[in-house]
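A short worksheet on the structure shown next.
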Amino acid sequence: MRKILVSSLSLLLLAACANEAPNPDKANAPFEEIASGLEAPWAINKINDEFYISERPGKVVHIDKEGVMTRQSVNFSDSLSEASEAGFLGFVLAQDFEESQTAYGYYVYEQDDEDYNKIVTLVLENGTWQEQDVLLAGIPTGNVHHGGRLELDDDGTLFATIGDASTPELAQDLGSVNGKILKLNTANEFEIYSSGHRNPQGMTWDNDTMFASEHGQSANDEINIIEQGNNYGWPTIEGDQSKDGMEAPFYTTDSSDTWAPSGIDMHNGLLYVAALRGTAIKVVDPKSAEVTDSIEGFGRVRDVFSDGDSLYFITNNTDGRGTPADGDDKLYKLNE
């Protein structure tokens, strides 16, 4: 496996031990810093030469074509939860965003001293995002395992990942949306697309093939090929285990490694996987399931985004589990 090193080998080894995020040597690395000073960023959107990035504390960072960064407020209908890993998570612009100024958002909120997940539409008005329609609310959640990723397929259909709310048996309960990947149907209602997930974190497509990343329990992280109606086994099986009627993963770190994979995207025919605990971007061949590259030296990586020409990624060292370097968190462009 080839590794893309962004600084000296000794620096990377020290960073790996300390779980720190060293600043890459820009003179020698194929990376360009687009923006800094982000606060626990979660999801990247890019339209033309502008970026819209959600932040867990409840803002959208807008970066214009000149590189000027503005924090846009979001008026949620409920207060954001302060639980671990909670807040404003998934965020994706509608396909007609330039005309409608509409996006989809996923957030964890507090109500009657309990935490829940909610999926809504958001509309940008005079530089502020307003919650408009509630697509799904009251989704049970725990202190962790919120899921939270929103993505659109090529047809503009919305998909959402929902964690098991730290209650594993819900992943096998078809009466619950927890531990599932959901699809928004033509009636504007969510239906269960796949089940048996622990904490699914990222989705992307390679033509008609859907891939999803998932946090395992103490390693056994997974990348799955998702097909409608399939059961991906949690908590009955995990990692390389198998059982009739349940799907084994396309790729698993098994019990020897932990990535904590987050956002994923296809770029130049390869699958790029943001890794939090793995403090890297792992590059996986979608045909052979082999890890071909490991892009390291930035600390925790939350999301990756390909616009077809370039790959972008955000660090997540300010999320409470990393060790921020100066200027963290940051948006980078991979120059190839």
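The numbers here are math on the coordinates, done by the rules we state, and not lab data. Just so we're clear, the structure is a prediction, and the values are computed from it rather than from any experiment. Virtual Cβ from ideal backbone geometry, glycine too; neighbours counted across all protein chains shown.
Numbers below:
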| quantity | calculated |
| --- | --- |
| Ranked packing of 140-146, 162-168, 234-240, most packed first, by mean Cβ within 10 Å | 162-168, 140-146, 234-240 |
| Ordering of 130-136, 325-331 by packing [mean C-beta count within 10 Å, highest first] | 325-331, 130-136 |
| Burial ranking of peptide ranges 274-280, 242-248, 299-305 (average Cβ count within 10 Å, highest at the top) | 299-305, 274-280, 242-248 |
| Cα-Cα P(r), segment 142-229, percent of pairs per 10 Å interval | 19, 54, 25, 3 |
| Rounded if a/c under 1.5, otherwise prolate or oblate - segment 43-137, Cα gyration tensor axes | prolate |
| Among Phe31, Gln241, Leu170 - extreme Cα towards positive end, dipole of segment 2-334, charges at beta-carbon | Phe31 |
| Rounded to the nearest 20 debye, dipole of the chain from Cβ charges on Lys, Arg, Asp, Glu | 760 |
| Within-14-Å neighbourhood charge of Tyr52 [Cβ basis; K, R +1; D, E -1] | -3 |
| Descending semi-axes in Å of segment 216-336, equivalent ellipsoid built from Cα gyration tensor | 27, 18, 11 |
| Under 21 Å between alpha carbons - lysine pairs in the chain that sit 8 or more apart or on different chains | 20 |
| DSSP bridge pairs, the chain: antiparallel proportion in percent, nearest 5 | 95 |
| Computed helical MRE - 222 nm, the chain, DSSP H runs ≥ 4 contributing -39500 (n - 2.57), nearest 500 | -1000 deg cm²/dmol |
| Radius of gyration and Dmax over the Cα atoms of segment 2-334, both given in Å | 18.5, 56 |
| Neighbourhood net charge (9 Å Cβ-Cβ; Lys/Arg +1, Asp/Glu -1) for His145 | -1 |
